[in-house]
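Here the structure comes first, spelled out in structure tokens, and everything after it is commentary.
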């Protein structure tokens, strides 16, 4: 009886393994942040509880400052590619791009994250402990929570969580393929879900905010991942440059491309808080510890817009006529929802949350502008340059405003209801004046950074013919002036009734954060040229 012999072929016989090449000289600021986050985990494991606070805070600040200095060195040494205004290189076997816009986003994220760490480390306002729960696993109102509060326990795990989130934020705008972008999205999001539920006071509100953020974030991540799969089905690659090439040359399966593009947009628009994907924003901003809210409002917006710009300009830049109408509608809707709903708020943090939604619409207005400097007359601002400047002004104003909010307190801790803020400007003219200055900048009043930022994004949108969006933006800005000025009137011209809030005396950590925010907002409003020039020198995305 003859036997059947089937030859076995090893597909790896002729395969040559090539070791991966990692450009550590360009990636070390981001790797340092991840390294500090891992070191923070080891500190939690091996150091006594009473020594962790100082070590963790110092380690986080030192890591962020070192990474910021390293980012400056990386930016000064980027190679010129000789094709237009693009500078940089593609690193880590094609998964990460280190170019001019990348290092600009890195600098902003690290700068604002440093301010976030200083707010995290503030202990004077809570009587020697931080604003974070002493024992996160303890149920609100239980004996375990009372014991943790009595013992003055401090939840120092927040520092490695913050560093992991910052590491994901650094990777997000630098991602050169959809898989890396998705990994970065999850790395930055998961620590934020935890941080939002760790408030020492109003624990139930904080945990509710974390749960809402987690559930809606999981849905948005699912949309992003399914969109990546559809785009891969269209282009046959996850690389942004390969997707761009397929968009240029392949006219088949356009439905697959459009559906995938829309799902990817849902994931990113959720992270920036654009309508109708903004439902998490007011609840999370209100329920999360205010230090987390300030950090998240500034840094997450920078990282998410960096990823959005890279995705739409690099991968889908050849198909602008498909995604621009969608962004026209989203930008107008976001500005209207943010401005109108902010008018009816009675809580300062919720008002700032809807203000953040409106600012997302203004930033989307800038995204609609002209991308390349070659397509503009000399001296005109590009879309990328305008958005970079706006993110700079927005971040300083937001983190400074939330730092001020942490100082307004009553017998129950932070006082965020408008009724508690009545007359606070009379009782503390300095704090009221600083908060009013941040609000005026958000409103876009001249001689503040917000005015120059809005002028930049409106100009680039007009140059691209998006005048209906600009008209809507101007009208929404007028509405926004009303609710900002209303808070100023409340602080200085309304007499408080019943229990009103007082201003707590902060340490140098919170005071320094506020003063840096005020100085940056003033300087960028009076002398915006250096930062606009720096944004111009960032060049364009590598395609």
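The values are calculated or read from the model by the stated rules, or taken from the named source; none is laboratory data. All values derive from a computational prediction rather than experimental measurement. Here the Cβ is made from the backbone with ideal geometry for all residues, glycine too, and neighbour counts use every protein chain on show.
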Condition set touching a residue at least 60 places away in the same chain (Cβ under 8 Å) and over 25 Å from residue 74 (Cα atoms), scope the stretch 524-543, selection nearest to the chain's Cα centre (by Cα): answer is 525
For residue 233, are the conditions met, namely being over 18 Å from the mean Cα position of the chain (by Cα), surrounded by 20 or more Cβ atoms within 10 Å (Cβ to Cβ) and part of a helix (DSSP H, G or I)?
no
Residue 262 - would you say it is over 24 Å from residue 165 (Cα atoms), in a helix (DSSP H, G or I) and out of contact with any strand residue (DSSP E or B) (no Cβ under 7 Å at 6 or more places or on another chain)?
yes
Could you list, ordered by first residue, the pairs with Cβ atoms under 8 Å in which the first is in the stretch 266-286 and at positive phi and touching a residue at least 24 places away in the same chain (Cβ under 8 Å) and the second is assigned to a helix (DSSP H, G or I) and surrounded by fewer than 23 Cβ atoms within 10 Å (Cβ to Cβ), at least 6 apart or interchain?
273/280
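Here's the yes/no breakdown for (1) in contact with a strand residue (DSSP E or B) (Cβ under 6 Å, 6 or more places away or on another chain); (2) at pLDDT 95 or above; (3) buried (at least 19 other Cβ atoms within 10 Å of the Cβ):
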position	(1), (2), (3)
125	no, no, yes
128	no, no, no
142	no, no, no
158	yes, no, yes
166	no, yes, yes
170	no, yes, yes
179	no, yes, no
192	no, yes, yes
207	no, no, yes
Only unsatisfied item for residue 391, checking (1) within 19 Å of residue 346 (Cβ to Cβ); (2) buried (at least 21 other Cβ atoms within 10 Å of the Cβ), is (1)
The correct count of residues that are within 24 Å of residue 432 (Cα to Cα) and surrounded by fewer than 23 Cβ atoms within 10 Å (Cβ to Cβ) in the stretch 321-348 is 6
Being modelled with pLDDT of 95 or more, exposed (fewer than 14 other Cβ atoms within 10 Å of the Cβ) and touching a helix residue (DSSP H, G or I) at 6+ places or on another chain (Cβ under 9 Å) is true for just one of 25, 39, 62, 66. Which residue is that?
62
Positions within the stretch 311-336 being free of Cβ contacts under 8 Å to residues at least 40 places away in the same chain and under 26 Å from residue 212 (Cβ atoms), in sequence order:
329
Can you name every residue in the stretch 350-373 that is more than 17 Å from the chain's Cα centre (by Cα), in a helix (DSSP H, G or I) and surrounded by 24 or more Cβ atoms within 10 Å (Cβ to Cβ)?
351, 365
Run down 473, 464, 449, 536 and say which single residue is touching a helix residue (DSSP H, G or I) at 6+ places or on another chain (Cβ under 9 Å) and over 30 Å from residue 315 (Cα atoms).
449
Quick check on the stretch 88-105. Is at least one of its residues in contact with a strand residue (DSSP E or B) (Cβ under 8 Å, 6 or more places away or on another chain), buried (at least 20 other Cβ atoms within 10 Å of the Cβ), touching a residue at least 40 places away in the same chain (Cβ under 8 Å) and at positive phi?
yes
All but one of (1) in contact (Cβ under 8 Å) with a residue 40 or more places away in the chain; (2) more than 16 Å from residue 367 (Cβ to Cβ); (3) outside any loop (DSSP other than H, G, I, E, B) hold for residue 308; which doesn't?
(2)
Condition (residue is modelled with pLDDT of 95 or more and either within 19 Å of residue 108 (Cβ to Cβ) or touching a strand residue (DSSP E or B) at 6+ places or on another chain (Cβ under 8 Å) (or both)) applied to the stretch 420-439: is it met by at least one residue?
yes
Can you confirm whether residue 31 is in a loop (DSSP other than H, G, I, E, B) and at pLDDT 85 or above?
no
Would you mind telling me which numbered condition in (1) surrounded by fewer than 22 Cβ atoms within 10 Å (Cβ to Cβ); (2) under 24 Å from residue 315 (Cα atoms); (3) modelled with pLDDT of 90 or more residue 81 fails?
(3)
Of the residues 308, 238, which is in contact with a strand residue (DSSP E or B) (Cβ under 8 Å, 6 or more places away or on another chain) and within 20 Å of residue 95 (Cα to Cα)?
238
Count of residues meeting criterion [surrounded by fewer than 23 Cβ atoms within 10 Å (Cβ to Cβ) and more than 16 Å from residue 194 (Cα to Cα)] in the stretch 279-299
1
